Amino acid sequence: MAASSGKEEGSGNNITVLRRPRRKVWFLNEDLVRIEHTSRAAGIITLHNLTKDRRETTTIIEFKKKRKRAFTVKETAQLLNCHRKHIPRLVKRGVIPDPVGELPNGERAFHYLSYYSEDVIMEAREAMSQIHHGAKRKDGLTTNNKTPTEQELRYAMGDGILLYTKTEDGRFIPIFNETI
């Protein structure tokens, strides 16, 4: 929607939902699993446990209750509003743990994807929010406008509902579902 100035009204807001095709890789009980086959009629799902390198079968209901989404390093960087090459630097500094690789025992290798769970991403967001950006302040407070808030991160992961409200001066600002 165009504003009177000719710009997008929401152009200052950089919150976007991470669009992904149908997910096939998940975390289940801290293990990286890939969906091999789903039988809705029988109510079971067959998984390949990439961490333990074995095939597992469980009920669909139990899988849906215990699963956690898996995000690649590139997707994690998009969610945390940083460049993908910044993630290994954060790992080296100890801010976030190593990602879990697709190879047995979670090993990582060239040409194989590595994943972070949504819980690890939330912990990384919390740790990154404590990192100061820019020149030191005389009062010692932390200035960090780059790291998304917890609500923005949940929305970007696809969990939150984002509504817009119009201010008195005619701008639209996002209002998250948790604040209503």
For this session: Convert each backbone phi in region 95-111 into a coupling constant with the Karplus relation 6.51 cos²θ - 1.76 cosθ + 1.60 (shift: θ = phi - 60°), then list the ³J(HN,Hα) values in order as whole Hz, x for Gly and Pro.
Result: 6, 10, x, 5, x, 8, x, 7, 7, x, 6, x, 5, 10, 8, 4, 6
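Give LYS74/LYS166; LYS85/LYS146; LYS74/LYS146; LYS24/LYS68; LYS24/LYS66; LYS24/LYS52 a once-over and call out the pairs whose C-alpha atoms are over 22 Å from each other.
On the way: LYS74/LYS166 34 Å; LYS85/LYS146 16 Å; LYS74/LYS146 17 Å; LYS24/LYS68 12 Å; LYS24/LYS66 15 Å; LYS24/LYS52 17 Å.
Table pairs above 22 Å Cα-Cα are LYS74/LYS166.
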For this session: Would you mind computing the Rg to Rh ratio of the chain from its alpha-carbon coordinates, Kirkwood style for Rh?
Result: 1.05
For this session: With everything on Cα atoms, drop me the angle between helix 118-128 and the longest principal axis of the chain, reported from 0 to 90° to the nearest 10.
Result: 40 degrees
Problem set entry | the chain, dipole about Cα centre (Lys/Arg Cβ +1, Asp/Glu Cβ -1), debye to the nearest 20 | 480 debye
Exercise. So how far apart, in nm, are the two label points at HIS86 and THR167 if each is 7 Å from Cα heading toward Cβ?
Worked result: 2.5 nm
Exercise. Which three extents, in whole angstrom, do the alpha-carbon atoms of region 30-94 cover along their principal axes, largest first?
Worked result: 45, 23, 16
Problem set entry | GLU62 versus LYS138: modelled label distance in nm, points set 7 Å from Cα along the beta carbon direction | 6.3 nm
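Only the coordinates and a few stated rules stand behind these numbers; no lab work does. The structure presented is a predicted model; accordingly, all values stated were derived computationally and were not measured. Note that we place each Cβ from the backbone using ideal geometry, even for glycine, and neighbour counts take in every protein chain shown.
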